[in-house]
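Participant: Before we start, here is the structure in question, set down as structure tokens.
The values are calculated or read from the model by the stated rules, or taken from the named source; none is laboratory data. Since the structure is predicted, the reported quantities are computational estimates derived from the model, not experimental observations. Note that we place each Cβ from the backbone using ideal geometry, even for glycine, and neighbour counts take in every protein chain shown. The accessibility values were calculated without ligands, DNA or RNA, using every heavy atom of the protein model including side chains. Shrake-Rupley method; radii C 1.70, N 1.55, O 1.52, S 1.80 Å.
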Amino acid sequence: MGIKWRNWALPAAPLALALLATGCVSAPGAPAAEPTVAPSTSVARARVCAKPAAGPAKAPAGAVTVDPAVVGDLAAKTRSNPPKTTFWLRPGKHRLEPDRYSQVIPKKGNRYLGAPGAVLDGRKTNQYAFGGTARNVTIRYLTVQRFVAPQNEGVVNHDSADGWVIEHATIQNNSGAGLMAGTRQRVRASCLRGNGQYGMNAYKAGDPISDLVVEGNEIVANNKDDWERRRPGCGCTGGVKFWAVNGADVRGNWVHDNRGTGLWADTNNNDFRIEDNVLEANDGAALIYETSYNAVIRKNTIRRNNWVEGRRYADRGDNFPFATIYLSESGGEPRIRARTDKIEIYRNVLENNWSGITLWENADRFCNSPANTSSGDCTLLVKNTDRCARPAIATAPLYADCRWKTQRVDVHDNRFVLDKSVVECTVKCDRMAVLANYGTYPDWSPYQGERVAEAITRKQHNRWHDNVYLGPWKFVAYDPSRVLDFGQWQGTPYQQDAGSTFRARDGG
């Protein structure tokens, strides 16, 4: 779990929107100059933390009323009532029994509705709010706060049960993850705020999640406990972390001001649509898509991300193109069923981030390599990791199938805006990149030398085209030492960004 940035590394204000509408970079046949997403639209739709929707002021017909004055009333009434019961939590602060493992164990089809002002408070004592394996549970209009789940565990849907619906909820100020996820889970119009590790951890032990929807939420100020600093290289933080999710729609969310990455899909995810989101002011990358497959990333507004982590690496003298959209060993794979057979990044507006898009492939990272940081997992094309060993790995089909490959990535019709005076940088915040490292490890690896760098740069169908650039952008190809201007990037041998336009602005 966690990215491996390179082979030797183990584990303030935005520009005026009028700048985005300028036609100064237009040319015959060039993409439209105006932004394809109105930034205020998604933000307004997902601005739910400041003004959460109010639940029913009276108990719905047939609902069981839960009394905040009675400690443990919610858990007790859940135990004593049949499945598919609706519970209405009266206004006030509801508490569980003062044991760290005390929690609500719903029954199949239960519904929990919070009245205006209803709060389930863990008092920094209880680890979990809602757990168990019951399916099709609904939680609406309820604030869940101050639970102390351990690292990588979650407070709501602790056991990753299937079919849960979380809507108009506020899940805040908890340790660990605010919530976990199961198959067919729907998380809509909710505030995931100030949780210690993740807003949501979409992970289910031993059983991949499918058909996940994350829509219209505000995901803000998570990783409050700064886990990457506590466990350097853990790859265990973000606004939302996805692990082995097959089919996810992530749309219309406002993901902002998280410590670390905004959205992070890590290891054997497939078939994602990430669209119409506003991703802004996250300390690290807006989006990491790592050792995963087949995705559409479109119509997002992405601004002022990666200022903290990008600057930290630059200040250390690191020349790696630390990116705002970072694809690490991820690409399109037609043999894996999905709604697309490539990774397509299009019609996004990227404004004043620390660098742009990096496509990276670590030559030393593959199934059965000690350099694989994905907890011993293998690709979706090879079920038995032990098959990826010499001598078979040096020949087809294992030579190709034992690697997660950054391939079939199509970057087009995006708008990239950079004003260095806004980002407050002089160097290394202006990169667009496709590259790999020189393969060295382990000594039996068939990917040593420049093989992977040559493949990702020239042979794996990775393309930029029909984009608009405003600002002093530079381009990195093959390895971190090859820094190119726009003409070199478009010319032989790289031949990138056909049909794109470029205008460097003064003052940066």
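Participant: Take the Cα coordinates of segment 312-378, assign each an equal point scatterer, and use the Debye formula without solvent to give log10 I(q)/I(0) at q = 0.16, 0.27 Å⁻¹.
Facilitator: Those come out to -0.80, -1.18, one per q.
Participant: Solvent-accessible area per residue for segment 215-334 at a 1.4 Å probe radius, Å²?
Facilitator: Values: 2920 Å² over 120 residues.
For segment 215-334, the solvent-accessible area averages 24 Å² per residue.
Participant: While we're looking at this one, here's another question. Heads up, I need the accessible area for Lys474: 1.4 angstrom probe, whole protein in place, Å², nearest 10.
Facilitator: The value for Lys474 is about 80 Å².
Participant: Could you tell me the accessible area of His168 in Å² (1.4 Å probe, neighbours in place), rounded to the nearest ten?
Facilitator: His168 exposes around 60 Å² with every protein chain in place.
Participant: Here's another thing I want to ask about it. At a 1.4 Å probe radius, carbon and sulfur cover how many percent of the accessible area of segment 436-508?
Facilitator: Roughly 46 percent, rounded to a whole number.
Participant: With every protein chain left in place and a probe of 1.4 Å, what is the accessible surface of Glu454, to the nearest 10 Å²?
Facilitator: 40
Participant: Taking all protein chains together and a probe of 1.4 Å, list Ser421, Ser210 from the most accessible to the least accessible.
Facilitator: If we order Ser421, Ser210 from most to least accessible, we get Ser421, Ser210.
Participant: Right, something else. Over segment 121-201, what is the relative contact order in whole percent, taking alpha-carbon pairs under 8 Å and six or more residues apart?
Facilitator: Dividing the mean separation by the residue count of segment 121-201 yields 29 percent.
Participant: What per residue convex hull volume, in Å³, comes out for segment 339-449 when only alpha-carbon positions are used?
Facilitator: Cα-based convex hull of segment 339-449, divided per residue, equals 136 Å³.
Participant: Under the definition of Cα pairs under 8 Å and six or more residues apart, what whole-number percent is the relative contact order of segment 360-470?
Facilitator: Relative contact order comes out at 37 percent.
Participant: Give me the Å³ per residue figure for the convex hull around the C-alpha atoms of segment 114-167. Show your work: numbers first, answer last.
Facilitator: Numbers: hull volume 3.8 nm³, N = 54.
Looking at segment 114-167, the number lands at 71 Å³ per residue.
Participant: If packing is taken as the average count of other Cβ atoms within 10 Å, what order do 492-502, 299-309 fall into, highest mean first?
Facilitator: Put in order of decreasing packing, that is 299-309, 492-502.
Participant: How large is ³J(HN,Hα), in whole Hz, for each residue of segment 395-408 in order, when computed from phi with the Karplus curve 6.51 cos²θ - 1.76 cosθ + 1.60 and θ = phi - 60°, using x for Gly and Pro?
Facilitator: 10, 5, x, 5, 4, 8, 7, 7, 10, 7, 10, 8, 9, 6
Participant: With a 1.4 Å probe and all protein chains kept in place, how do Tyr441, Tyr198 rank by accessible area, largest first? List each step's numbers first, then the result.
Facilitator: Details: Tyr441 110, Tyr198 0 Å².
Ranked list, largest accessible area first: Tyr441, Tyr198.
Participant: My understanding is that a pair violates if its Cα-Cα distance is over 24 Å; which of Lys51/Lys108; Lys299/Lys383; Lys124/Lys224; Lys342/Lys428 do that in this structure?
Facilitator: Working: Lys51/Lys108 31 Å; Lys299/Lys383 35 Å; Lys124/Lys224 15 Å; Lys342/Lys428 29 Å.
As for pairs spanning more than 24 Å Cα to Cα, those are Lys51/Lys108; Lys299/Lys383; Lys342/Lys428.
Participant: Let me ask something additional. For Phe272, Phe486, write out the residues from largest to smallest accessible area, computed with a 1.4 angstrom probe and no ligands counted.
Facilitator: My answer, sorted largest first, is Phe486, Phe272.
Participant: Let me have the relative contact order for segment 139-184, percent, based on Cα pairs under 8 Å that are six or more residues apart.
Facilitator: Working: 94 pairs, mean separation 23.4, N = 46.
Over segment 139-184, the number comes to 51 percent.
Participant: Report in % the part of the accessible area of segment 209-290 that belongs to carbon and sulfur, leaving out ligands and nucleic acids; probe 1.4 Å.
Facilitator: Whole-percent figure for carbon plus sulfur exposure: 42.
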